[in-house]
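Here is the structure we will look at, set down as structure tokens.
We did not get these values from a lab; they are worked out from the coordinates using the rules stated. Everything numeric here is computed off the predicted structure, so don't read it as measured data. Cβ atoms come from the backbone with ideal geometry, glycine included; neighbour counts cover every protein chain shown.
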Amino acid sequence: MTQSKVAYKTSDEVDFVIVGSGAAGGVLAKELATNGFRVVVLEQGPYLTEADFTHNEIKVLQQHFLTNDPLRQPNTFRKTPDETAKKQPCLVYGRCVGGSSVHFTANYWRFHEIDFVERGKVGEIPGVGLADWPITYADLEPYYTKVEWEVGVSGLAGASPFDPPRSKPYPMPPLPVKDSGVIFERASRKLGYHPFPAPMAILSQPRPGRSACVNCGFCLGFGCEVGAKSSSLSSVIPLAEKTGRCEIRPNCYVHRIETDKNGRATGAVYFDSQRNSHLQKAKAVILSANGAETPRLLLLSANKSSPNGLANSSGLVGKYLMPNSGAIAYGVFEEQLNDYKGFAVSRIFHDFYELDTQKPAFYGGGGLDARFDITPIAFAMNGLPPGTPRWGKGFKKALHHNFTRTMEIFCHGTSLPVESNSFSLDPDLKDAWGLPALRMTFKDHPNDLKMMEWMQARAMEILDAAGAQAKWSPPVTEQQFAFHLLGTCRMGKDPKSSVIDPDHRTHDVPNLFLCDGSSLVTSGRGQPTMTIQALAYRAADRITALAKQGAIPG
Amino acid sequence: MQAGGLAAAAWVQAQWPSVMAAAQRAHQALRSTQPPKFEVLTAEQAQEVTAIAARILPTDELPGATEAGVVYFIDHALKTFASDAVPLYQQGLVLVNQLTSEKYPGVPRFSAASSEQQDEILAALQKDQPKEKRPTRRNSYIQSSDFIQVIWVHTIWGFLVDPDGGGNRDFAGWKVIDRDPAHSFTPPFGFYDQGYPGWQPAAQETEKK
């Protein structure tokens, strides 16, 4: 069911059709509709609202209520291009209006200056396609501020000595501290680090139509029932619809971008819920379908003049996939934390954001956060220390003691861009609509694995300093599953080494724009959504300017 | 300090009745004094499922799978989202009863064995099974052909799911993990944040930049 006040006909040539209603698509819809353009947003998932959300862990986490369905949308995986990919679920993304911003953790770190200029600073790394961005932190700063104020981000400006400069404080104070945050803050200070209140895209104060966080405890993976999580669904999409010029059209699975004989995009072809195919005509097309589906859609749109996929003259569509690196350390404490109450993260530190490439000899860097994001079923399955009985009285006793006394330290870090790490079309497997399935090719760069092991060892030291009664850390292994879908249509000035220009316009098709995780040139240190939204606000400004200059040939 | 706490609480009171009503309907269905009818399992099968679930999560001073109504959750799951597991249950229960009689002659079925015997049987069954991939941290759904593994997963689901999902009767499972069933919380949450003075810059700031 659409909530939009306007409904366009597919034969109406609207100004923009946007594919995807998530973090980027939602912002672009709101900005462009506000600027006077007629916009249709095509979302493959349903239009759910707060009343549809539930704490039913089976429905949400096992039955993919909010996310892509591996049964209807199967994937294949391989480590290197010389292997044949095997069918296995290898990624998750939001499949509903609001996209992944509905279920995300809501860690909203800005990228730092270094993330945009790292290649220039560290030089060439063998086997890595590290590149500098064509824009800098200073270019993006006003848009980071805009994200914080428009979608609603809680935080404390100036609390971290490692933070990049900012033009305005946060619009609201940090969320309350959790027990994991108190433990982490005290122990990491003891060790000389600089913990601070985590910036979170969750309201600490109410806004019109939205409650402040009520600390219900079903946050990561779940949709927020009170609109406190600053998803596109709760923040920008209502504003887009309020303009009366934006239609959010759910249950539309776009599978092709149509072009004319001049190589211009004419619209997006989609299956509706009855599998009827439609072409929504538009003067310009924007893909915000995420870092997996955006490149897939370009590859699916291959035609006679672009046999390797639309906008793919560089051959780089789908390449340089960066899912971020990660590691976890678990600790159990003597007294009750009750860390199931609240959102996931209340304290982080960025002392390792920019590691010395000589000592400890890693490229990139990362951040640590204190959290507990494991809901009851997942906890019983995987939250107990290795060696704990899995049934009987011992199992029950461990559940009773540990659920309220466990916390995690999560290490997040860089993925270096490696060209063979990619999304592509599987040559054999098809999805339930008969379209080629997504194939993921991925092998972590050894630097990233070593860095995560190093960071995990620091996390274990913090748990020691905190006096944890028990602690453990699952070994860092090569990843075969991606949450963050970044870098697969990278931005750059040179059409030979990038897919989009600094205005998010594809080098090859003058009225086709891409804006989502695929646009990122580097992966930052693990929390990409803030940057994706800042890029979307900036892209909306650039696209508006181009349209008003008559510089988007339709 | 919790900014917006009062306003948030007021909002919940105003906006949540529909959410709460749905959750309460689910709870009342389970509190009904009439014994619910099984939709898929026979009475005999339900007895064995109850007995197996009660060894995975036994009843002691705290409720177990029986008090949480796990068997009703499983029966309803087999009728709905887990219907493809019906043959696995049918064959698995026969196998468990056979093994019981082989191991303990004169004991006709699993539910008639003593607790100690039941534990031995389940341990033997687990040992016999090939090691399957453990569920991952964020995805406990596994397509397993191993009956004991599947009933283990279903028992945990039925024990710990929010009652909105048809299990965890009277929040029996959440009593075991010590989770307060409330829908909203205010600080202090636990032991360690009591008396927290609010975030302050570190006393000796070492400027690293």
In degrees rounded to 10, the 0-90 angle between helix A:529-548 Cα long axis and the longest Cα principal axis of chain A is 20 degrees
Of A:LYS9/A:LYS261; A:LYS178/A:LYS341; A:LYS178/A:LYS229; A:LYS86/A:LYS304, pairs whose Cα-Cα distance is over 19 Å: A:LYS9/A:LYS261; A:LYS86/A:LYS304
How far is it, in nm, from the label point at A:LYS430 to the one at B:ALA43 when both lie 7 Å from their Cα along the line to the Cβ? 5.1 nm
Under the Karplus relation 6.51 cos²θ - 1.76 cosθ + 1.60, θ = phi - 60°, what is the ordered set of whole-Hz ³J(HN,Hα) values for the stretch B:91-100, x standing for Gly and Pro? 6, x, 5, 4, 4, 5, 5, 4, 4, 4
Relative to the present Cα-Cα distance, how much length would full extension add between A:ALA157 and A:LYS261 at 0.36 nm per residue of separation? 32.2 nm
Taking +1 at the Cβ of each Lys and Arg and -1 at the Cβ of each Asp and Glu, which of B:VAL71, B:VAL49, A:PHE77 sits farthest along the dipole of the protein assembly as shown towards its positive end, judged by Cα position relative to the Cα centre? A:PHE77
How large, in Å, is the stretch A:466-529 by the Kirkwood hydrodynamic radius built from its alpha-carbon pairs? 14.3 Å
Collect residues whose amide H, placed 1.01 Å from N in the peptide plane, falls under 5 Å from the amide H of A:GLY267; neighbours closer than 5 in sequence don't count. A:GLU258, A:ALA282
Volume per residue of the C-alpha convex hull in the stretch A:109-267, rounded to whole Å³: 226 Å³
At R0 = 22 Å, how high is the FRET efficiency between B:ALA182 and B:THR80 if r is their beta carbon distance? Nearest 0.05 is fine. 0.20
Could you point to the residue in B:LEU99, A:LEU300, A:ALA547 farthest towards the positive end of the protein assembly as shown's charge dipole, with +1 and -1 charges on the Cβ of Lys/Arg and Asp/Glu respectively? A:ALA547
When you look at the Cβ of every residue in B:169-178, what mean number of other chain Cβ atoms sits within 10 Å? 4
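Counting other beta carbons within 10 Å of each Cβ, put A:ASP503, A:ASP444 in order, fewest first.
So the residues, fewest neighbours to most, are A:ASP503, A:ASP444.
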Any idea what the relative contact order of chain A is, in percent, if you count C-alpha pairs under 8 Å spaced at least 6 apart? 23 percent
Residues of A:47-58, mean number of Cβ from any other protein chain within 10 Å of their own Cβ, rounded to a whole number? 5
Which residues in the stretch A:288-308 have a backbone N closer than 14 Å to a point placed 7 Å from the Cα of A:THR84 along the Cα-to-Cβ line? none
Under Karplus coefficients 6.51, -1.76 and 1.60, residue-wise ³J(HN,Hα) of the stretch B:67-79 in Hz, glycine/proline x: 5, 7, x, 4, 5, 5, 4, 5, 4, 5, 4, 5, 6
Net charge contributed by nearby residues that have their C-beta within less than 9 Å of A:VAL41 (K/R +1, D/E -1): -1
Neighbour net charge for A:GLN480 - beta-carbon separation under 11 angstrom, K R +1, D E -1: +2
Point-charge dipole on Cβ atoms (K/R +1, D/E -1) for the stretch A:264-316, about Cα centre, debye to 20: 200 debye
Using the alpha carbon gyration tensor of the protein assembly as shown, what are the three equivalent-ellipsoid semi-axes (square root of 5 times each eigenvalue), largest first, in whole Å? 43, 31, 26
Relative exposure of A:THR259, A:THR375, A:THR34, judged by other C-beta atoms within 10 Å (fewest first): A:THR34, A:THR259, A:THR375
What number results when the radius of gyration of the stretch A:393-494, computed over Cα atoms, is divided by 2.2 N^0.38 Å? 1.55
By average Cβ neighbour count within 10 Å, what is the ranking of A:469-479, A:55-65, A:377-387 from highest down? A:55-65, A:377-387, A:469-479
Relative contact order (%) - criterion: Cα under 8 Å, at least six apart; region: the stretch A:369-480: 24 percent
Under the Karplus curve 6.51 cos²θ - 1.76 cosθ + 1.60, θ = phi - 60°, whole-Hz ³J(HN,Hα) for the stretch A:242-247, x wherever Gly or Pro sits: 4, 5, x, 10, 10, 9
Length gained, A:LYS359-A:GLN469, 0.36 nm per residue minus C-alpha separation, equals 36.4 nm
Which value, in debye to the nearest 20, gives the size of the charge dipole of the stretch A:22-87 about its Cα centre, when Lys and Arg are +1 and Asp and Glu are -1 at the Cβ? 260 debye
Counting only residues 5 or more places away or on other chains, whose amide H sits under 5 Å from the amide H of A:THR67 once H atoms are built in the peptide plane? A:ARG95
For B:GLN194 and B:ASP119, what is the calculated FRET efficiency with R₀ set at 41 Å and r taken between the beta-carbons, to the nearest 0.05? 0.50
Taking 20 °C and 1.002 mPa s as the conditions, I'd like the Stokes-Einstein D for the stretch A:278-436 in µm²/s, using the Kirkwood hydrodynamic radius from alpha carbon pairs. 106 µm²/s
So which of A:LYS393/B:LYS175; A:LYS146/A:LYS168; A:LYS79/A:LYS121; A:LYS5/A:LYS59; A:LYS87/B:LYS79 end up more than 21 Å apart, counting from Cα to Cα? A:LYS79/A:LYS121; A:LYS5/A:LYS59; A:LYS87/B:LYS79
Taking Cα atoms, how many degrees apart are the long axis of helix A:137-147 and the longest axis of chain A, rounded to 10 and kept between 0 and 90? 80 degrees
FRET efficiency (A:ALA51, A:SER277; Cβ distance; R0 35 Å; to 0.05) is 0.65
Within 10 Å of each Cβ in peptide B:195-202, how many partner chain Cβ atoms are there on average? Round it to a whole number, please. 5
Any idea what angle helix A:23-34 forms with the longest principal axis of chain A, computed on alpha-carbon atoms, 0 to 90 degrees, nearest 10? 50 degrees
